[in-house]
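One structure is given here, and the rest of the page talks about it.
The values are calculated or read from the model by the stated rules, or taken from the named source; none is laboratory data. Worth saying up front: this structure is predicted, and the values here are computed from it rather than measured. FYI the Cβ positions are ideal-geometry reconstructions off the backbone, even for glycines, and counts take in every protein chain you see. Just the protein is used for accessible areas: all its heavy atoms, side chains included, with ligands, DNA and RNA removed. Shrake-Rupley method; radii C 1.70, N 1.55, O 1.52, S 1.80 Å.
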Amino acid sequence: MSDIPAKNGPRAASMIRVDQAGEYGATRIYAGQLAVMGNRHPMAREIAHMAEQEERHRKFFDEMIARRGVRPTALQPFWKAAGFALGAATAAMGPRAAMACTAAVETEIDRHYQEQLAELGDSDPELSAAVAEFRAEELEHKEAALAAGAENAPGYPLLSFAIRAGCRAAIALSKRI
């Protein structure tokens, strides 16, 4: 039996599904970046720290999916490969491109989490508190990426646009599939 509040039942389930998928995708992006960069670059330590936070976020949503009986996205195998490939490709382009990836992803996640918080209001305190906490950490990731020169990556406007569009598509798909 699910403990999702009746007022937000199907919508909360969709939020939890997409948030778990997004946090999983983030862990895969950072895994791809670290696989290429290793610990050779000063940003590797920052990326590893971000990856640890994303893993904590993912575990929270994994637990919430199990506890509330929410169906996870069927696209997870795709996000596993796509996230790793995105991380590896941007890291191969250089540390600034890896940071451009982070800045772009976190821009969309911030927008997504803001929308969720507005919709949730006080109807699901547990989910709202987690989204607010995780949003703050995602904003820290974005600021760290910008401070590390994300906007100086080769082709930054196009790279950022493409990654942000991909994030928006992933969010839309993971809500339903």
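Points to keep in mind about this one:
- When each of the peptides 99-110, 46-57 is scored by how many other beta carbons lie within 10 Å of its residues on average, the order from highest to lowest is 99-110, 46-57.
- The number of Lys pairs in the chain with C-alpha atoms less than 19 Å apart, excluding pairs fewer than 8 positions apart on the same chain, is 4.
- Cα gyration tensor, segment 8-82 - rounded (a/c under 1.5), prolate or oblate: prolate
- Largest first and in whole Å, the equivalent-ellipsoid semi-axes of segment 54-168 read 27, 17, 12, each the square root of five times a Cα gyration tensor eigenvalue.
- Share of carbon and sulfur in the accessible heavy-atom surface of the chain [1.4 Å probe, %]: 60
- Computed [θ] at 222 nm, deg cm²/dmol, the chain (DSSP H ≥ 4; -39,500 (n - 2.57); rounded to nearest 500): -28500 deg cm²/dmol
- Per residue, the average separation of C-alpha pairs within less than 8 Å and at least 6 apart gives the chain a relative contact order of 30 percent.
- Modelled label positions at Ala172 and Glu55, each set 7 Å beyond Cα in the direction of Cβ, lie 3.4 nm from each other.
- Cα long-axis angle, helix 156-176 against the chain (0 to 90 degrees, to the nearest 10): 20
- For the chain: accessible area per residue (Å², 1.4 Å): 47
- With respect to the chain, whose longest principal axis is taken over its alpha-carbon atoms, helix 76-93 is tilted by about 20°.
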